[in-house]
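The values are calculated or read from the model by the stated rules, or taken from the named source; none is laboratory data. Quick caveat: nothing in here was measured; it's all calculated off a predicted structure. For neighbour counting, all protein chains shown are included, and Cβ atoms are generated from backbone atoms with ideal geometry for every residue, glycine included. We work out accessible area using only protein heavy atoms, side chains counted, and drop any ligands, DNA or RNA first. Shrake-Rupley method; radii C 1.70, N 1.55, O 1.52, S 1.80 Å.
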Amino acid sequence: MQRKQAAALLFTMTLAAGSIAGCGQEEETAVEAKPAESAKPFEMTIATPQVGEAPKADGEVELAIEKYTNTKLDIQWIPPAAFEDKKNIMIASNEMPKAFKLTYNATTLSAIQSGLFWDITDYLKDYKNLAAENPTYYNNIKIDGKLYGLPLYRDIGRAGIIYRKDWYDALDLKTPSTLDDWYNIMKAIAEKDPDKNGQADTYAVFLDKSYNGATDSGALMTRLAVPQGAPNKWGVVDGKVTPEFMTQPYVDVLKMFRKLYAEKAINQDFSVIQRADSQAKFNAGKAAIHNAPASAGASSIDNMLKSVPAGVGDIEPYLGPNGIRVPAESGNNGFYVFPKSSVKTEAELRQVLTFFDKMLDAEMSTLLTRGIEGKHFAKTTNNKVKMTDLALFNVEVKPFRDSLPSFEVGGKGLQAELTPLQEKGWKIVADNLPHVVPNVALTFTSDTYTEKGAELDILIGDAQTKYIMGKIDDAGWQAEVENWKKAGGDKIIADYTAQYNAQSKK
């Protein structure tokens, strides 16, 4: 219930145009999908990237899905390393399954705009479970205002501060809300030896080279800058759609890191450090803060406690001067499209959509997220779920969970028994939802970005790193921004602004 209430609040601030705005009101009248009893099983073909080891055909989980949905499944599990090539071949030959999982990139966009896939914008309202979900999930994958796919739902407001509470308490630190707070935390932890080993080997944040990911709303720079008033990657400033790095709140965070770098309060090798190395530093008890989803905070802290049994971890929301303000993430891990070459009629399309709608029913939600009772989980006295064989779950169930629509927490199925810290992490995710800041250009397109985007992202990313490391000064930073604009940035801004204005008039 909390997730749906928060979703309703977020609806009022969604910037993308949406023709499913009335979905919440239609929930009572839409027909709820039920397992069919007598009709001939529908042949349901699916292609998706492989997750771990591909499940055995006709395994217990697959058979349970088939029985409930009255389908005969044919799932093509494609190794991730080969997926893009395989995808391109399938699209070029127009030989695709009924449901094809894609991610948002140039080839996907081109295929959709060429008319290969069904427009399902006006169908969603007819499916109780699909229609009831937060419209932002769908708005975030629309192209030219139309919906061509169903997302693999992921939480939208995932940001949370996962931190060493024992270090905070020892140094009399508080949850940060201003950049001065962040600066003081980073200085104190770097200089006051919170692990009491007599060495200068601790950091508040062990920075890695993904700190400013150009398209990643979960990047540390974005998560720090948005609460201070910056846009989420792209926002509207003085009537123009503007990148975050051209706004003062974002530059203020850059300046903070520049000062900390000069004072050796952040690791000097951050430009070559991998994200996994940053996580390892937190796990080893040498960093105070780990940049990860709040919902994963408890497991991150558990990993740290293996190295530092006496440590104490906690999770807090990202705060700014005006309270919670976090970057909205895409809300999906890819999405399924439905090729016209294999889904030939509207009746067949409705059968495909019915399958996906049924996957959100309580029975299927429990199957995908918990597995099979007595094999993967047991019920507790309060009708919650306790996993009994997680290793077996990861082999037999996880590939389906990660490849079909489900909600780990908040879905209709049985809910997991959570520790207090896990509950806190998920509560932060839910509480964030009314306070997320959308990326206004998330679904916009630009030929210039398609052609030069990777080059431009590297140009401005390298400039940020050089600025933090003191290799360029304020004038040098501004010169790099001008270079970005001249190399194509101005055209991207113009393209996005035109699309934003057109969208706002609808």
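Out of (1) in contact (Cβ under 8 Å) with a residue 40 or more places away in the chain; (2) over 25 Å from the mean Cα position of the chain (by Cα), the odd one out for residue 121 is which?
Checking residue 121 against (1) in contact (Cβ under 8 Å) with a residue 40 or more places away in the chain; (2) over 25 Å from the mean Cα position of the chain (by Cα), the one that fails is (2).
Go through 394, 332 for me and flag whichever is open to solvent by less than 40 Å² (accessible area, probe 1.4 Å), polar (S, T, N, Q) and closer than 26 Å to residue 74 by Cα. It would help to see each step written out before you state the result.
Values: 394 fails: open to solvent by less than 40 Å² (accessible area, probe 1.4 Å).
Only one candidate passes the filter, namely 332.
When residue 177 is evaluated against the numbered criteria (1) in contact with a helix residue (DSSP H, G or I) (Cβ under 6 Å, 6 or more places away or on another chain); (2) of a type outside the set (A, V, I, L, M); (3) surrounded by fewer than 20 Cβ atoms within 10 Å (Cβ to Cβ); (4) in a loop (DSSP other than H, G, I, E, B), which criterion, by number, is the only one it fails?
(1)
Which of the residues belonging to the stretch 77-118 are surrounded by 20 or more Cβ atoms within 10 Å (Cβ to Cβ), over 23 Å from the mean Cα position of the chain (by Cα) and farther than 10 Å from residue 149 by Cβ?
91, 96, 97, 98, 111
Could you list all residues from the stretch 465-484 that are open to solvent by less than 20 Å² (accessible area, probe 1.4 Å), in contact (Cβ under 8 Å) with a residue 60 or more places away in the chain and in contact with a helix residue (DSSP H, G or I) (Cβ under 6 Å, 6 or more places away or on another chain)?
Hits for the stretch 465-484 are 467, 468, 477.
When you look at residue 162, is it part of a helix (DSSP H, G or I) and either of a type in the set (Phe, Trp, Tyr) or buried (at least 23 other Cβ atoms within 10 Å of the Cβ) (or both), yes or no?
Numbers: part of a helix (DSSP H, G or I): no; either of a type in the set (Phe, Trp, Tyr) or buried (at least 23 other Cβ atoms within 10 Å of the Cβ) (or both): yes.
When the stated conditions are applied, residue 162 does not pass them.
Does residue 433 qualify as being at pLDDT 95 or above, surrounded by 18 or more Cβ atoms within 10 Å (Cβ to Cβ) and under 15 Å from residue 154 (Cβ atoms)?
Working: at pLDDT 95 or above: no; surrounded by 18 or more Cβ atoms within 10 Å (Cβ to Cβ): yes; under 15 Å from residue 154 (Cβ atoms): yes.
Judged against the criteria, residue 433 is not a match.
Could you give every pair whose Cβ atoms fall below 7 Å, whose first residue belongs to the stretch 57-86 and is assigned to a loop (DSSP other than H, G, I, E, B), and whose second residue is modelled with pLDDT of 95 or more and surrounded by fewer than 17 Cβ atoms within 10 Å (Cβ to Cβ), counting only separations of at least 6 or pairs across chains?
70/41
Being more than 21 Å from residue 333 (Cβ to Cβ) and in a loop (DSSP other than H, G, I, E, B) is the filter here; which residues of the stretch 385-407 pass it? Show your work before the answer.
Here is the first cut: in the stretch 385-407, the residues more than 21 Å from residue 333 (Cβ to Cβ) are 385-389, 391-392.
Passing the criteria: 388, 389.
Could you tell me whether residue 341 is over 24 Å from the mean Cα position of the chain (by Cα), at negative phi and among the polar types (S, T, N, Q)?
Working: over 24 Å from the mean Cα position of the chain (by Cα): yes; at negative phi: yes; among the polar types (S, T, N, Q): yes.
So residue 341 passes the test.
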